[in-house]
Amino acid sequence: MTIKFGLKAKLLSAAGITVVAMAISIIVLYWNMTTIDRSYRNLIDLHADVLMDAREVQVHATQVNGSIRDFILTKDPEAVNKVNNALENINRLLSQMRPKISQAEDQELLRQLADLNATLSSRVQEFFKMTQADGATLLKHASDNIFPVARDLRSKSDQLANDQHKLMEEAVQKNTVAVRTAEWTSLIITAVIVLVALGLAYVLATRMSKPLIALADVSSRMAAGDLSPWSVEYRGRDEIRNLIESFLKTAGHLRELLRTTAESARQVAASSEDLSAAAEQSAQAARQIAEAIQDVAKNAETQNQTSGENVRAMNEIARSTGQVAESASSVYASARESAEKAGAGREAIARFAERMRTVSETVRRSDKVIIDLEQQSAEIGRIAELIGSIAGQTNLLALNASIEAARAGVNGRGFAVVAGEIKKLASQAEEAVKQVSEIVEHIQRGASGAVKAMRDIDAELEDSIRSMQELQNAFESILEAARTTEAHAEDLSAVSQQIAAGTEEVTASVEEIARLAEQSAANAEEVSAAAEEQLASMEEIASSADSLREMSRQLNEMVARFKF
């Protein structure tokens, strides 16, 4: 039968499906973690930077007002430098924020801030040109032209900062949802992988072990002599199916061979009984002939009267000798057929034992495949430990970021929120890694169980091979007995032919005696010697018949050990 999908292919496919599913789970987990990390990087690199820059713009706008007041009170040139530096810093911060803002309303706020900064710069320059005016005039000019613009600048900056803070909170909420989605996705995929792996392992183990255990049980019964018909249910088209079919054919041939052997043994026993009876009759006839010849030697007249009886007796001997020869030929043919079928049975059992060894080797290769799967699961466990270590380091980095944010005070609140979320994600990642490690450990235990099951199957196959070896030895004994029977039957056939030839000669002699009564006295000695030789031959035939009967009895006993 053609193997469509062998044991090795099935086991490799199951292992491949499990490994691919695990790889998909890891890839999905890695992709989710990468997406979340990218989102948080954008949160920190864009929104947090814009928030901090907006807060700095507020600080510099406040510094402009404060430095203007210092200048009005003290006329200190250093205040002028502070105002100019603050305006330059505001302009620099606005330039930094421009490529980081994508919302239209925030871009409009940024444009308004740029216009306010330009207005503030021009009015400050006009203010510094009035250095000769008194303090009241300068204060009134600043209150009317500079301070309101600076306040608007602070207000717009605060609005921009609040918008960025709100965007950060929305991004954090989205990332939290993404983290939970990633967790549930990982758990669902992992659960599916575990169920698929366990289902494949159970199906393969059941489909492989059930027919092999049944086959081993039947092999033990065959080794014990039970050859009654049986069947094993298996729908696969692989090595096990070929093994079962070969075993069925071998068992059928074996039953047919033993039936033929039993029938031949019965025929041999019957023929040996007939042969023994015929030999006894021939010996009795030979003794009668000898006595008759002695009477002929004493009295030729009496020999003439009994010559007719001698002729009839010799004809009876000839018929009996022919029956003996035919029985011997039948016994010889039956013995040869038994030997041929015993040899065929031995060869069939040898081929079946070789098939059993092939299946045992396949099971050992399957054991190696499952061990490789267990090693790959251990490698996945190490990868999960590496991810857990990375999550722990991320947790430490989040803690450090929280400390730095606390040092920054109000300006670091955004960083504190981000650091807290990162720490929470790191903790959740560590928990997911622990769950993955537990699942990998569960898969490893399942793989270990599969290895044990494969080894149990291999042990059962070894027992079956030993049982087939015992059965093969029994057939060797049957073959030897059949060959011995064949040799004795051949000898018996040759002796029977010799007796037939001697009987013909004796018959011719008796006829010659009847025809030549006058020469009976002279030929009495020759006829007596021939009769004695015939008597010895008949005794030899009787002995061979007894030996043949004993061998047929032993053959019947050996065949009777088997149950058809």
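Data table
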{"quantity": "FRET efficiency, Glu557 to Gln498 (Cβ-Cβ, R0 35 Å, nearest 0.05)", "calculated": "0.65"}
{"quantity": "Thr181/Ser209 FRET efficiency (R0 30 Å; Cβ-Cβ; nearest 0.05)", "calculated": "0.10"}
{"quantity": "Residue-span extension gain [Glu78 to Glu385] - 0.36 nm each, minus C-alpha spacing", "calculated": "104.6 nm"}
{"quantity": "Inter-site label distance for Arg364 and Arg92 at 7 Å from Cα along Cβ, in nm", "calculated": "7.8"}
{"quantity": "Listed pairs Lys166/Lys423; Lys210/Lys368; Lys166/Lys424; Lys82/Lys140; Lys75/Lys140; Lys100/Lys424 exceeding 18 Å between Cα atoms", "calculated": "Lys166/Lys423; Lys210/Lys368; Lys166/Lys424; Lys82/Lys140; Lys100/Lys424"}
{"quantity": "Label-point separation in nm, Glu512 to Leu396, each point 7 Å along Cα→Cβ", "calculated": "12.6"}
{"quantity": "Highest to lowest packing among 189-198, 154-163, scored as the average C-beta count within 10 Å", "calculated": "154-163, 189-198"}
{"quantity": "Kirkwood-based Rg to Rh ratio, the range 127-169, C-alpha trace", "calculated": "1.31"}
{"quantity": "Normalised alpha carbon radius of gyration of the range 106-217 [divisor 2.2 N^0.38 Å]", "calculated": "2.73"}
{"quantity": "Residues whose placed amide H lies under 5 Å from that of Asp226, excluding near-sequence neighbours", "calculated": "Lys563"}
{"quantity": "Karplus (6.51, -1.76, 1.60) ³J(HN,Hα), θ = phi - 60°, over the range 110-116, in Hz, Gly and Pro reported as x", "calculated": "5, 5, 5, 4, 5, 5, 4"}
{"quantity": "R0 of 45 Å, Cβ-Cβ distance Ala277-Arg466: FRET efficiency to nearest 0.05", "calculated": "0.45"}
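A short reminder: the numbers here are calculations on the coordinates, not readings from a lab. Keep in mind it's a predicted model, so treat the numbers as computed, not measured. Heads up, the Cβs are rebuilt from the backbone with ideal geometry, glycines too, and the neighbour counts pull from every protein chain shown.
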